[in-house]
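The values are calculated or read from the model by the stated rules, or taken from the named source; none is laboratory data. Here the structure is a predicted model, which means the values were calculated and not measured. We place every Cβ from the backbone using ideal geometry, glycine too, and count neighbours over all the protein chains shown.
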Amino acid sequence: MRIEIRSVHHRGKHGKEYVSLKANADCDAGAYILADSTCRSDGEITGSLRRTFWLPSKRIARGDYIHVYTSAGANASFTNRSRTTTHIVYWGLPDAIWKDDSSCAVLFDIGAWQYCPVQMPSLGAPLLT
């Protein structure tokens, strides 16, 4: 993967909790989804995704960091001490999510996706059964 999870900082502290990601190659952050899941004691993911966050589409250079804060805020970028860029993005959740030892952050590289618009029937139209 071109982006990797480095660590979860300030676990369980709303407003401070964030996941640190690092780019190993130039890429678009919008090809990644970060998820909150649970892990068993052997380190295996349970397969249950509690919450997901699709990173915003943005060109990221090799060596750059992305800090995904679970709280709300205004996205920003700045040059860090390593002279690469740190991109701050906000998930917008009302609470911290990595509160216990069974929690884990999971990063997905989703190079391609498909969608299907869901349309509501117009008022007065019969519903198909």
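Scanning segment 43-67 for residues that are more than 17 Å from CYS27 (Cβ to Cβ) and touching a Cys at 6+ places or on another chain (Cβ under 9 Å), which turns out modelled with the lowest pLDDT?
If we take residues in segment 43-67 being more than 17 Å from CYS27 (Cβ to Cβ) and touching a Cys at 6+ places or on another chain (Cβ under 9 Å), then GLY43 is modelled with the lowest pLDDT.
Can you give me the number of residues within segment 1-30 that are assigned to a strand (DSSP E or B) and either without any contact (Cβ under 8 Å) to a residue 40 or more places away in the chain or touching a Phe, Trp or Tyr at 6+ places or on another chain (Cβ under 7 Å) (or both)?
Selection size over segment 1-30: 10.
I need the full set of residues from segment 36-57 which are surrounded by 13 or more Cβ atoms within 10 Å (Cβ to Cβ) and not small (Gly, Ala, Ser), in order please.
Those that are surrounded by 13 or more Cβ atoms within 10 Å (Cβ to Cβ) and not small (Gly, Ala, Ser): ASP36, THR38, CYS39, ILE45, LEU49, THR52, PHE53, TRP54, LEU55, PRO56.
Hey, can you tell me all the residues within segment 36-52 that are part of a strand (DSSP E or B), over 11 Å from the mean Cα position of the chain (by Cα) and in contact (Cβ under 8 Å) with a residue 24 or more places away in the chain?
Of everything in segment 36-52, those that are part of a strand (DSSP E or B), over 11 Å from the mean Cα position of the chain (by Cα) and in contact (Cβ under 8 Å) with a residue 24 or more places away in the chain turn out to be SER37, THR38, CYS39, ILE45, LEU49, ARG50.
With ILE60, ILE33, ILE66 as the choices, which residue is touching a residue at least 24 places away in the same chain (Cβ under 8 Å), closer than 24 Å to ASP101 by Cα and surrounded by 17 or more Cβ atoms within 10 Å (Cβ to Cβ)?
One residue alone meets the criteria, ILE66.
Within segment 69-81, which residues are exposed (fewer than 11 other Cβ atoms within 10 Å of the Cβ) and over 16 Å from the mean Cα position of the chain (by Cα)?
PHE78, THR79, ARG81
Please verify whether segment 86-96 includes one or more residues that are at pLDDT below 95 and either among the polar types (S, T, N, Q) or at positive phi (or both).
No.
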